[in-house]
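Below is one structure, written out as structure tokens; comments come after it.
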Ligand code: 9D3
């Protein structure tokens, strides 16, 4: 998959894209990333990319021409045409299903807004999709683009080292994870749960599933609506939520 990012602050991406999962995906050749600055697509002496809002109001708005010209040039750099996604607080809320949908595209072009926002004609006539990563205020779309790239990279073949990992992720999907421990078995007088030392794999699997259910019921009861649970599992959840 190829991802082009359009941003006034390309330097914000050098660290995150050169480490961990994203770097591995790039090295494996399953993910190609390029960052482009709309300021390079201005033709005036001062390379102006923003302007006052018509009608007044605080803050600056990103001008349409540099964004249209930049995206047009980027589309022409490679095949096939990229799906153009604007990162904006007004977009569809990112979740697993949206990530899977984006990851299935052969090519994405992510536009990062900055300042108070972008000219509405960019939204309406340049973009195919609009995505938000949550209900809190960022100072621009750049951190959101990094989140999207990271989540999408995990869906590329070979990135997780085994296809099993994504499989496991989607099995567990809808429930929070069970508690995990590693050595030592006792740390500062704190022992790990005995069951994990028993070697009874079936019992350990049952314990983990139960922990996931209890934890989800307590912390994210909203997730239970979508989760596929057996009658026995529904009972565990009911009992847990009854114990207040
Ligand atoms: C505080 C200013 N806001 C009210 C007038 C508008 C506003 C404009 C631009 C709020 C945030 C931003 C910059 N944010 C993004 O571009 C952004 C974002 C976010 O803020 N939260 C969650 N997801 C995203 S995706 C892009």
Some residue of the range 127-135 being in the same structural domain as residue 41 (by TED's automatic domain parsing), touching a strand residue (DSSP E or B) at 6+ places or on another chain (Cβ under 6 Å) and away from the ligand (no atom under 15 Å from the Cβ): yes
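Let's see how each residue does on (1) more than 12 Å from residue 146 (Cα to Cα); (2) crowded, with 17+ Cβ neighbours inside 10 Å:
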position: 8; (1), (2): yes, yes
position: 20; (1), (2): yes, no
position: 23; (1), (2): yes, no
position: 30; (1), (2): yes, no
position: 35; (1), (2): no, yes
Residues satisfying the stated conditions in the range 102-116, i.e. within 16 Å of the ligand (Cβ to nearest atom) and surrounded by fewer than 20 Cβ atoms within 10 Å (Cβ to Cβ): 114, 115, 116
Considering the range 42-64 alone, what residues qualify as being closer than 15 Å to residue 112 by Cα and not in a strand (DSSP E or B)? 49, 63, 64
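Under 22 Å from residue 96 (Cβ atoms) and surrounded by 10 or more Cβ atoms within 10 Å (Cβ to Cβ): is that true of residue 197 in this structure?
In short, no.
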Among (1) in the same structural domain as residue 31 (by TED's automatic domain parsing); (2) more than 15 Å from the ligand (Cβ to nearest atom); (3) touching a helix residue (DSSP H, G or I) at 6+ places or on another chain (Cβ under 6 Å); (4) in contact (Cβ under 8 Å) with a residue 60 or more places away in the chain, where does residue 159 come up short? (1)
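The values are calculated or read from the model by the stated rules, or taken from the named source; none is laboratory data. All values derive from a computational prediction rather than experimental measurement. Positions of Cβ are backbone-derived with ideal geometry, glycine not excepted, and every protein chain shown enters the neighbour counts.
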